[in-house]
Amino acid sequence: MKQKTLRVTVEGKQYEVLVEDITAGGGERAHKAAPRAASHAAAPAAAPPPPKPAAPASSGTSGAEARIAPLAGIVTSVYVKEGAVVKKGDKVVEIEAMKQKNDVLAHRDGTVTGIMVKEGDAVDSAQLLMSIV
């Protein structure tokens, strides 16, 4: 088997790793090879992802009243105005993500008391869009 020492950079830290080409000796060996620890320096364990940010505390809305973005994207339409009466399932906002338009629906019957986004705004997943009480 042909072995090479390579330098790999992970999150700004460099590691030297010994790699082995298991395909050079034929496909048969590749399927029977058991995994082996072949690195000179172990890479650090991946840190768990940070928790998603909660809706801003200054918004003055509780979780039951807030309508949040189900995905990150660009707001292409806001279908309601402040003071509008909506029913559960009514379209309230449209978000485009990866060239796909996604309707955001009212999660409850009520009155729109605050709209925190406008057309053209970039939004993150779980970002506060509006409040419905």
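The values are calculated or read from the model by the stated rules, or taken from the named source; none is laboratory data. No experiment lies behind these values; they were computed from the predicted model shown. Don't worry about glycine lacking a Cβ; one is built from the backbone with ideal geometry, like all the others, and counts go over all protein chains shown.
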Condition test on Val93, is it within 18 Å of the chain's Cα centre (by Cα) and either in a strand (DSSP E or B) or farther than 15 Å from Ile68 by Cβ (or both)? no
Checklist (1) part of a strand (DSSP E or B); (2) at pLDDT 95 or above applied to Val80, failing item: (1)
Which residue pairs have Cβ atoms closer than 6 Å, lie 6 or more positions apart in sequence or on different chains, and pair a first residue in region 16-30 that is at pLDDT 50 or above with a second residue that is part of a helix (DSSP H, G or I) and not small (Gly, Ala, Ser)? Ile22/Arg29
Which residue pairs have Cβ atoms closer than 6 Å, lie 6 or more positions apart in sequence or on different chains, and pair a first residue in region 77-89 that is closer than 11 Å to Thr113 by Cα with a second residue that is β-branched (Val, Ile, Thr)? Val80/Val92; Val80/Val112; Glu82/Val112; Glu82/Ile115; Ala84/Val112; Val85/Thr111
